[in-house]
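The values are calculated or read from the model by the stated rules, or taken from the named source; none is laboratory data. Model, not experiment: these values are computed from the prediction. Don't worry about glycine lacking a Cβ; one is built from the backbone with ideal geometry, like all the others, and counts go over all protein chains shown.
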């Protein structure tokens, strides 16, 4: 347990305050910087994709989308289906992407 090859986290931000969420994701980022691989299952798509290299969307037990985290954050389909931004609301999508960028800069 002292030298894991893979760290698996299931919903580490569940029920936490926004400040604690940032702290948890800072810790995840530190683990990655130390060379640990991290598998993160997280409903908070913004936070997860903001620190991830890759993302996978799983629906009903199947991977339906995957790719670079930055590409998934920029995807209108992801924004509409999973991040709560409608296709007709370009301003909201832009704001959602800005929010993800701000979170990423806080964590960097």
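The residue that is modelled with the lowest pLDDT, among those in segment 47-57 that are surrounded by fewer than 19 Cβ atoms within 10 Å (Cβ to Cβ) and under 20 Å from residue 80 (Cα atoms), is 57.
For segment 10-41, the tally of residues that are part of a strand (DSSP E or B) and closer than 28 Å to residue 76 by Cα stands at 5. The set of residues in segment 42-62 that are touching a strand residue (DSSP E or B) at 6+ places or on another chain (Cβ under 6 Å) and outside any strand (DSSP E or B) comprises 48, 49.
Scanning segment 63-84 for residues that are under 20 Å from residue 14 (Cα atoms) and either part of a helix (DSSP H, G or I) or touching a helix residue (DSSP H, G or I) at 6+ places or on another chain (Cβ under 7 Å) (or both) gives 82, 83. The single condition among (1) at pLDDT below 80; (2) over 24 Å from residue 6 (Cα atoms) that residue 107 does not satisfy is (2).
Number of residues in segment 1-35 that are loosely packed, with under 10 Cβ neighbours inside 10 Å and in contact with a strand residue (DSSP E or B) (Cβ under 6 Å, 6 or more places away or on another chain) equals 2.
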